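The values are calculated or read from the model by the stated rules, or taken from the named source; none is laboratory data. Owing to the predicted nature of the structure, the values given are computational and were not obtained by experimental measurement. Neighbour counts run over all protein chains shown; Cβ positions are idealised from the backbone, glycine included.
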Amino acid sequence: MTSETTFEANTDTLFTPFKAGSLELNHRVVMAPLTRSRTGSDRVPTDLMREYYEQRSSAAMIISEATIISPTGAGYAFTPGIYNQAQIDGWKNITNAVQANGAKMISQLWHCGRISHPDLQPNGETPVAPSASIPGEASGQAFTEAGWQPFVEPRALTEGDIKALISDFRQAAANAKAAGFDGIEIHSANGYLLNQFLSDDVNKRTDSYGGSIENRARLLFEVLDAVSEVWPLDKIGVRVSPWNTFLEATLSDNGALYEYVITKLNEKGIAYLSVVELANDDLNRPKDKPDLPESINAFVRQYFKGPILTAGGFKAETAAAEIALGNTDMVAFGQPYIANPDLVERFKKGADLNTPDFDTFYGGDAKGYTDYPFLK
Ligand code: PHB
């Protein structure tokens, strides 16, 4: 551990104000989107969830846990939705509490695509995906109310289904506005539906949504156009995860596809681009890609000149260094935020951090959720 003085000098840059699009942030420490699986079967945000988010509202900005845009978007038991009035009301309680402490809150809009199971779908229907391509062994199993179950072969979306899906994104964006969020984030990362479309391994379509880079990226930009009918672009973030192998939505042409996508997002003037960084020891970092850059953030920065938010195992010092390098503007913390509701104060003081308890990450009650201690 370095001396107190060095520590504070090194992390100062984390605590300077920042404007992401039109989102005015008090500093640059962001709470990452974190699936905690604490709703009931109705997927309605609860009062316990309000307490959890409120405890963490010294963050500059909180990205909500991934939130499904429609019943068919579900991929896990007990994750929240934003497609009915009870869910909107539940979120409204949360955004009110978070904003009262000066933090901004973003709704992360999610569709899981093939990472699902008939038990999680309306009327036990088959999950939808770009193509009928079943997730492999490396993706594990689907988490349902009856426990872990093997994935099934999904059904390829028809062009009519795609129109309905885009309209579900637009409606979810409108619902997020009604729920009092400060903005929205389109989840196009980590192997879920929009990332499945980008992947030439998962997406085998022969229509205008498959094949070329432009075609595979088409749905993302149509979703962005749809949600920007509801929100100004400077309140919309987009999350991407170049080279990430999580849930096997892999690409043979990461460099070329993400150069195209990120350059185009740069021209749109979105609030921020959220980037999943892959450290050298990250399990989701491929080992065998000749074009794999050392730093995903540095790759992204070549093409994206607007605000960048990154996440991926950062500590206060490495986060400040990444900002100083110019590779990001804000840093999101995941596991540190699970265990430290007062993470900002701990960073400022150079205080020790509580250790997260993996066993209570997903599902359960207040234990391992709202009972991590604050600094005395
Ligand atoms: C998860 O629920 O495991 C999950 C959700 C969203 C992500 C990544 C993982 O982006």
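Taking segment 41-64 as the range and being away from the ligand (no atom under 16 Å from the Cβ), among the hydrophobic types (A, V, I, L, M, F, W, C) and without any contact (Cβ under 8 Å) to a residue 60 or more places away in the chain as the test, only 44 passes. In segment 159-201, the qualifying residues are those that are within 16 Å of the ligand (Cβ to nearest atom) and assigned to a loop (DSSP other than H, G, I, E, B), and the one that is nearest to residue 136 (Cα to Cα) is 191. Looking only at segment 223-237, decide whether some residue is of a type in the set (Lys, Arg) and more than 19 Å from residue 310 (Cβ to Cβ). Yes, some residue in segment 223-237 is of a type in the set (Lys, Arg) and more than 19 Å from residue 310 (Cβ to Cβ). If you go through segment 65-119, how many residues are farther than 17 Å from residue 227 by Cβ, within 14 Å of the ligand (Cβ to nearest atom) and hydroxyl-bearing (Ser, Thr, Tyr)? Number satisfying all stated conditions: 3.
When 80, 118 are checked against the criterion of being modelled with pLDDT of 95 or more, crowded, with 24+ Cβ neighbours inside 10 Å and not basic (Lys, Arg), a single residue qualifies: 80. Checking every residue in segment 133-149 against the condition of being over 22 Å from residue 195 (Cα atoms), without any contact (Cβ under 8 Å) to a residue 12 or more places away in the chain and assigned to a strand (DSSP E or B) gives at least one match.
For segment 211-249, taking the residues that are within 16 Å of the ligand (Cβ to nearest atom) and in a loop (DSSP other than H, G, I, E, B), the one that is surrounded by the most Cβ atoms within 10 Å (Cβ to Cβ) is identified as 249. Scanning segment 1-39 for residues that are of a type in the set (Gly, Ala, Ser) and at pLDDT 95 or above, which turns out surrounded by the fewest Cβ atoms within 10 Å (Cβ to Cβ)? Going through the qualifying residues, I end up with 22.
The helices (runs of 4 or more DSSP H) found entirely in segment 254-369 that carry 2 or more residues being in contact with a strand residue (DSSP E or B) (Cβ under 8 Å, 6 or more places away or on another chain) and surrounded by 18 or more Cβ atoms within 10 Å (Cβ to Cβ) are 254-268, 296-303, 316-325, 343-349. Residue 185 satisfies every condition listed in (1) touching a helix residue (DSSP H, G or I) at 6+ places or on another chain (Cβ under 8 Å); (2) buried (at least 24 other Cβ atoms within 10 Å of the Cβ) except (1).
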